[in-house]
Every structure is written in structure tokens, then in C-alpha cells.
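Below is one structure, written out as C-alpha cells, with a few remarks after it.
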Amino acid sequence: MRDRYRVALLGNGIKPSLSPALHMEEARHLGLDYEYRIVDLVDDPDVDLGAQLGRLEGAGFDAANVTHPFKQSVLEHVADLSPTVRRLGSANLVLLGDGHRTAHNTDGTGFRSALESFLGGRAATGTVLQIGAGGAGLATASALIDMGFERIVVHDVVPAAVDAMLRRLSGTAADGAGGRLRSAGGPLDDWLPRVDGVVHVTPVGMAEHPGTAFDVDRLGPAAWVAEVVYRPLETELVRRARARGLATLDGGGMAVGQAAESLRLITGLRPDVARMHAHFDQLVAAGPTT
């Protein structure tokens with residue numbers, strides 16, 4: 001079994017990323033010599049992703065995580081797409097080696113793992129309202145479909161984004177002939193009292209975008225709330241939902257889940273997700289490193 005790996009993170013403005021520390025600490029527990037390097041392309045507006053991947057391969061790198069704004073354009077430079085990447089049209093991990101590149105997307109599997117753990121074995125039933133239909137929203141909606149929720153209603157301030165999601169995901173084998181994924185098609189406030197859970201997938205709640213994307217007080221007393229934003233870990237949405245006594249999953253769940261699945265695909269070993277989550281909480285509490 002191999003015990004040495006070299007991995008990079010490609011993206012724009014990613015120097016504060018927690019991924020290197022998260023990956024390398026868990027790899028240490030797994031007995032691996034694991035290097036994780038940030039390749040921040042913020043100063044290269046005409047970046048050649050193919051050339052970047054070629055340089056990494058030439059330097060002996062085994063994989064590259066890929067983040068904003070390259071999750072879609074990187075697909076032009078790979079040989080194989082995982083079934084999830086074919087469905088979503090984006091990737092956040094490319095496995096390298098011998099000139100053969102395979103693209104994966106661990107966002108959806110990471111979110112699903114976190115949500116299943118959060119639900120504690122309860123069946124994925126009822127209606128879920130997803131707020132946000134961007135790139136991350138495609139991954140979370142796909143996970144909700146795969147989990148088997150009876151109805152997934154999507155709302156976005158840009159209706160065209162919802163339409164694009166429906167075109168890509170509706171009517172797939174997982175979605176079923178009944179079309180469980182649908183547009184909210186009306187005011188958000190009309191749905192809030194009627195849903196069993198809410199998945200929030202917009203930038204609202206980040207430090208630079210404070211506030212909440214919807215009125216938490218309109219949710220029913222048994223509704224659960226899942227957040228994707230993790231900087232800060234306790235967004236205003238999470239704080240207000242918890243103050244109401246609602247079951248709440250913070251954004252660390254998806255962040256850790258996608259990292260753990262990336263690590264598994266790269267090394268073939270199974271990370272300890274609970275241990276990674278404890279380390280992630282420590283990293284977030286420590287604040288920015290740059």
C-alpha cells in the first residue's frame with residue numbers, strides 16, 4: 001500500500017482555505033506522508049488549467065482539488081468523468097496519473113453523509129425546501145433526490161438558476177417519473193410553514209454577506225435547518241434556528257464531508273469523519289490564518 005501522496009488545491013483567492021490542514025492532519029492519523037499545497041491562481045486571469053494540471057503531474061502530484069471558479073472549466077482537461085460529475089456538470093477533484101485524469105465531485109456525497117448523520121437514521125421523508133440554485137445547490141439538490149425525499153422545492157432570487165437546475169436534474173432516474181424536484185413557483189413565505197426541512201445554499205450569512213435569506217420564524221416547530229455556509233460556523237440563520245429550538249446542521253458538515261470523501265478517493269483509505277469534524281471546529285475557532 002502506498003504511504004506518500006502529493007495533492008494540490010486549485011482556485012482563485014484560496015489562501016485562507018482550511019483544506020490543507022484538514023487533509024494533512026487526518027492523513028497523519030492514517031499513517032501517511034501527505035503533502036497538500038495551495039495553488040492560488042488569483043493573479044492569473046488567463047490561466048491555462050490544462051497546463052497547470054500538466055505541471056502538477058510532472059511534479060508527481062496524485063490529485064488536485066478544484067474550487068471556484070474552475071469547477072466547470074476543468075472538465076475540458078480530463079479524460080473520464082464520474083457519474084456524479086456527468087450529472088452535475090462540475091467537479092471539485094481530479095485524480096492524476098500517467099496522463100489519465102478522472103474528475104469527481106464530492107460536494108454532494110459530502111453533504112449527503114453529513115445530512116444522514118444529522119438525521120440520525122430517520123427516514124428521508126416529507127418536503128424539503130432548498131434555498132439557492134447555484135453550483136453548490138446542484139450538488140445538494142442531487143443529494144436530496146438520491147436520499148429519497150418525497151418533494152424537493154427549490155427557490156432562488158434568480159429564477160433562471162432554478163430553471164437550469166430543473167433542466168439538468170429533473171426526470172433523471174434518481175428523480176423518478178413523478179418529478180420530485182420542482183420550483184417553488186411562488187413567494188418563499190408561502191412554503192416556509194409547510195416544509196419538513198430547509199437546506200440553505202446561498203452566500204447570505206457569510207461575514208461579507210450578513211443576515212438570513214428567509215424568515216426563520218415562519219418555519220414550523222418540527223422543521224430542521226441545514227446550512228452550507230461555514231465562515232462563520234454559527235451564521236445568523238443557525239443562531240436564530242437554534243434559538244427557536246429547531247434541529248440545525250451547520251455548514252461544517254458539508255465542508256468536512258466533501259474533504260473526507262476526497263481523501264478517501266485519493267488514498268483508498270477511510271477517514272474518521274468525526275475526528276475530522278473535531279479538527280475542523282478547532283480550525284474555525286482559531287480564525288483566519290492569513
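Numbers at a glance
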| read-out | value |
| --- | --- |
| Distance between modelled label sites at Asp40 and Met206, nm, 7 Å Cα→Cβ extension | 1.5 nm |
| Probe 1.4 Å - accessible area at Phe70, Å² to nearest ten | 20 Å² |
| Heavy-atom surface of segment 1-76, accessible at 1.4 Å and reported per residue (Å²) | 49 Å² |
| Solvent-accessible area of Val128 with every protein chain in place, 1.4 Å probe, in Å² to the nearest 10 | 0 Å² |
| Sum of -39500 (n - 2.57) over DSSP H runs of 4+, divided by residues of the chain (222 nm, nearest 500) | -11000 deg cm²/dmol |
| Candidates per GluC sites (Glu not before Pro) in segment 60-165, loop by DSSP, up to 14 other Cβ within 10 Å | Glu150 |
| Selection of GluC sites (Glu not before Pro), segment 195-290, meeting DSSP coil and at most 10 other Cβ within 10 Å | Glu208 |
| Portion, in percent, of the accessible area of segment 125-257 that falls on carbon or sulfur, probe 1.4 Å | 53 percent |
| List Lys15, Lys71, ordered by accessible area with a 1.4 Å probe, largest first | Lys15, Lys71 |
| Descending semi-axes in whole angstrom, ellipsoid equivalent of segment 11-54, from the Cα gyration tensor | 26, 13, 5 |
| On Cα atoms only, tilt of 19-29 relative to the major axis of the chain in degrees | 70 degrees |
| Relative contact order [Cα under 8 Å, 6+ residues apart], segment 8-80, whole percent | 47 percent |
| Rough spin-label spacing in nm, given labels placed 7 Å along Cα→Cβ, for Arg55 and Asp217 | 5.3 nm |
| Exposure of Tyr36 as accessible area (Å², to 10), given a probe of 1.4 Å and all protein chains | 10 Å² |
| Debye equation applied to the C-alpha atoms of segment 1-74, log10 I(q)/I(0) at 0.17, 0.23 Å⁻¹ | -0.65, -1.06 |
| Cα long-axis angle, helix 159-169 against the chain (0 to 90 degrees, to the nearest 10) | 70 degrees |
| With Cα atoms, 0 to 90° folded angle of helix 252-267 axis to the chain main axis | 30 degrees |
| Estimated distance in nm for a label pair at Arg242 and Arg264, the labels positioned 7 Å out from Cα along Cα-to-Cβ | 2.7 nm |
| Where segment 111-264 is the region considered: accessible area per residue in Å², 1.4 Å probe | 41 Å² |
| Under 12 Å, Cβ to Cβ, from Asp98 - net charge with Lys/Arg +1 and Asp/Glu -1 | -1 |
| Accessible surface of segment 12-81, 1.4 Å probe, proportion on carbon and sulfur as whole % | 47 percent |
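The values are calculated or read from the model by the stated rules, or taken from the named source; none is laboratory data. In this text, all values refer to a predicted model and were calculated from it rather than measured experimentally. Quick reminder, even Gly has a Cβ in these numbers, built from the backbone with ideal geometry, and neighbours come from all protein chains shown. These accessible areas exclude ligands, DNA and RNA; they are computed on the full protein's heavy atoms, side chains included. Shrake-Rupley method; radii C 1.70, N 1.55, O 1.52, S 1.80 Å.
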